[in-house]
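First comes the structure, then the notes that go with it.
The values are calculated or read from the model by the stated rules, or taken from the named source; none is laboratory data. Worth saying up front: this structure is predicted, and the values here are computed from it rather than measured. Cβ sites come from the backbone with ideal geometry, for glycine too, and all protein chains shown count toward neighbours. Ligands, DNA and RNA are excluded from the accessible area calculation, which covers all protein heavy atoms including side chains. Shrake-Rupley method; radii C 1.70, N 1.55, O 1.52, S 1.80 Å.
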Amino acid sequence: MFEKYLDINLEVAAALKNGKAVVALESTIISHGMPYPKNVETALNVEKIVRENGAIPATIAILKGRLKVGLTADEIEYLGKAKDVVKCSRRDIPFIIAKKLDGATTVASTMILASMAGIKIFATGGVGGVHRGAQETFDISADLLELAQTDVAVVCAGAKSILDIGLTLEYLETNGVPVVGYQTDELPAFYTRKSGFGVDYRIDSPEEMAQTLKAKWDLKLKGGLIIANPIPEAYAMDLDTITKAIEEALKQAQRDGIKGKESTPYLLAKVKELTGGDSLDSNIQLVYNNAKVGAQVAVALAKIS
Ligand code: PSU
Ligand code: MN
C-alpha cells in the first residue's frame, strides 16, 4: 500500500534487492540543523563517507509530496537552500503528501521511511529527547516514541545537554529502547565524550552490534536502538565553554517564548552563535564519525542477514 507514495532511487533499490549494506540519512539536519552552505557540504561528505566504508547512502526527505529514499546531489542542494521546507515528523507526513509540499524528515520520520524501504541502519548527529523542564512543558521528542516502535537502529553522538539527559534515558528505558555505547561505557553528550551517565551495554565491534540487532529483530522485539558513538577526541569541545553556551541558549529560548518544533532548531542555532561557530564544526565532525560507524554496522549486518 505504501509503495505508491514511495520513490526509492535506483541505486538504493538495487542494493536492497541484492542484500547490500545501506545507510539511511535524515534531512532535518540539512534544512533546520545547520546553515547553508555547510549543511549541503556536510550532507554530501556524509554520503561519501558511507560509500568509503562499503555501504550505499540513502538520504531521506519528502519532495513535492513524494516520499524519497535516496536523494540526488541536486535534491540535497535544493533542500539545503530552500526556505519553505517543513520540519516533518511522524504526525506531519500525510499533510505534506496531500499538500504536495517539501518536508525535511526528522529522526522519527526518517526511521519510518527507512523502515518502509527496508533499511535497518540510520546515521545522524543527534536524536531528540526529553527537554529540560519537560515536567512543565511536556516537551518530549517524537523521536523517542518512534524508537520504541520502528525497527531501525540510529547511530548518534549521544544526548546533548540542551536536553535532560537523565530523563531521556529513563524515558527510553520505560519504552524498551536500548542505549548502547559504541566503544564506550559512558553515554557521550554530543559535543563532549562524557555526560556523567552510563549506557545499558557497551559494544566494541560492528560485528557484535550486528549480531545484537539481528537477535533483537529475529525475536520480534520491535523498535530501534540507540548506538551512541562519541565525538572523536580531537573535535570534542571544552566542557565549560559548551555548558555556558547551552545555559545561555536555554535562557534566551525561554525569554523568546520558543516552543514545540521550533525549540531544537532554535537552540542549535543559538549554541552555534554563542560558540562563534565552534559547535558547528564539532557537530559536522561527529556526524562524519557516525556515518562511518553506521556504514560499518550496516556492512556487518548485511553479511549475516
Ligand atoms: N539534534 C541535532 N541536530 C538536529 C536535530 C536534533 O543535534 O538536526 C533534529 C533531528 O532531525 C531530530 C529533531 O529528529 O531535530 C528533533 O526535533 P524535536 O526535538 O522537535 O523532536
Ligand atoms: Mn519537542
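For segment 18-32, which positions are open to solvent by less than 20 Å² (accessible area, probe 1.4 Å), within 16 Å of ligand 2 (Cβ to nearest atom) and closer than 16 Å to residue 262 by Cα? Full working, then the answer.
Residues of segment 18-32 that are open to solvent by less than 20 Å² (accessible area, probe 1.4 Å), as a first pass: 21-28, 30.
Now narrow it down to the ones that are within 16 Å of ligand 2 (Cβ to nearest atom): 26, 28.
Result: 28, single match.
Just give me the residues in segment 273-287 being open to solvent by less than 40 Å² (accessible area, probe 1.4 Å) and either in contact (Cβ under 8 Å) with a residue 12 or more places away in the chain or within 13 Å of ligand 1 (Cβ to nearest atom) (or both), in sequence order.
275, 279, 280, 282, 283, 284, 286, 287
Just the residues that are under 19 Å from the mean Cα position of the chain (by Cα) and more than 16 Å from ligand 1 (Cβ to nearest atom), please, taken from segment 78-117.
116, 117
Scan segment 140-165 for residues that are aliphatic (A, V, I, L, M), near ligand 1 (Cβ under 9 Å from one of its atoms) and either part of a helix (DSSP H, G or I) or free of Cβ contacts under 8 Å to residues at least 12 places away in the same chain (or both) and jot them down.
Listed by number, the residues that qualify are 142, 144.
Between 164, 151, which is of a type in the set (D, E, K, R) and in contact with a His (Cβ under 8 Å, 6 or more places away or on another chain)?
From the options 164, 151, the qualifying one is 164.
How many of the residues in segment 175-226 are of a type in the set (Asp, Glu) and open to solvent by less than 70 Å² (accessible area, probe 1.4 Å)?
Looking only at that region, the number is 1.
Residue-wise test of (1) under 19 Å from the mean Cα position of the chain (by Cα); (2) of a type in the set (A, V, I, L, M, F, W, C); (3) under 30 Å from residue 275 (Cβ atoms).
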| residue | (1), (2), (3) |
| --- | --- |
| 200 | no, no, no |
| 206 | yes, no, no |
| 209 | yes, yes, no |
| 214 | no, no, no |
| 223 | yes, no, no |
| 230 | yes, no, yes |
| 252 | no, no, yes |
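Determine whether residue 46 is in a helix (DSSP H, G or I) and touching a helix residue (DSSP H, G or I) at 6+ places or on another chain (Cβ under 6 Å).
Details: in a helix (DSSP H, G or I): yes; touching a helix residue (DSSP H, G or I) at 6+ places or on another chain (Cβ under 6 Å): yes.
In short, yes.
I'd like to check something: does segment 16-23 contain any residue that is touching a helix residue (DSSP H, G or I) at 6+ places or on another chain (Cβ under 7 Å), touching a residue at least 12 places away in the same chain (Cβ under 8 Å) and within 20 Å of residue 284 (Cα to Cα)?
Within segment 16-23, one or more residues are touching a helix residue (DSSP H, G or I) at 6+ places or on another chain (Cβ under 7 Å), touching a residue at least 12 places away in the same chain (Cβ under 8 Å) and within 20 Å of residue 284 (Cα to Cα).
Select from segment 90-105 the residues that are open to solvent by 10 Å² or more (accessible area, probe 1.4 Å) and of a type in the set (Val, Ile, Thr) and list them in ascending order. Outline the logic, then answer.
Going residue by residue through segment 90-105, those that are open to solvent by 10 Å² or more (accessible area, probe 1.4 Å) are 90-95, 97-102.
93, 97, listed by residue number.
Sort out which residues of segment 107-134 are in contact with a Cys (Cβ under 8 Å, 6 or more places away or on another chain) and open to solvent by 10 Å² or more (accessible area, probe 1.4 Å), and write them in order of number.
126, 127, listed by residue number.
Kindly evaluate residue 159 against the criterion of being small (Gly, Ala, Ser), within 16 Å of the chain's Cα centre (by Cα) and at pLDDT below 95.
Working: small (Gly, Ala, Ser): yes; within 16 Å of the chain's Cα centre (by Cα): yes; at pLDDT below 95: yes.
Criteria met by residue 159.
With the condition kept exactly as written, say whether any residue in segment 252-272 is over 25 Å from residue 23 (Cα atoms), outside any helix (DSSP H, G or I), among the small types (Gly, Ala, Ser) and open to solvent by less than 70 Å² (accessible area, probe 1.4 Å).
yes
Would you say residue 61 is closer than 22 Å to residue 225 by Cα and in contact with a Phe, Trp or Tyr (Cβ under 6 Å, 6 or more places away or on another chain)? Even if it seems obvious, please write down each step before you answer.
On the way: closer than 22 Å to residue 225 by Cα: yes; in contact with a Phe, Trp or Tyr (Cβ under 6 Å, 6 or more places away or on another chain): no.
No, not satisfied.
Among all residue pairs at least 6 apart or on different chains, which show Cβ distances below 8 Å where the first residue, located in segment 77-105, is farther than 19 Å from residue 265 by Cβ and the second is of a type in the set (Phe, Trp, Tyr)?
97/5
Of the residues that sit in segment 158-174 and are over 20 Å from residue 247 (Cβ atoms) and either within 16 Å of ligand 2 (Cβ to nearest atom) or aliphatic (A, V, I, L, M) (or both), which one is most open to solvent (accessible area, probe 1.4 Å)? Show your work before the answer.
Within segment 158-174, the subset over 20 Å from residue 247 (Cβ atoms) is 169-174.
This time we only want the ones that are either within 16 Å of ligand 2 (Cβ to nearest atom) or aliphatic (A, V, I, L, M) (or both), so: 169, 171-172.
Numbers: 169: 40, 171: 61, 172: 5 Å².
Looking at the filtered set, the residue picked out is 171.
Show me the helices (runs of 4 or more DSSP H) found entirely inside segment 51-120 where at least 1 residues are within 16 Å of ligand 2 (Cβ to nearest atom) and modelled with pLDDT of 95 or more. Spell out the reasoning first.
Numbers: elements: 73-81, 93-98, 107-117.
Hits in segment 51-120: 107-117.
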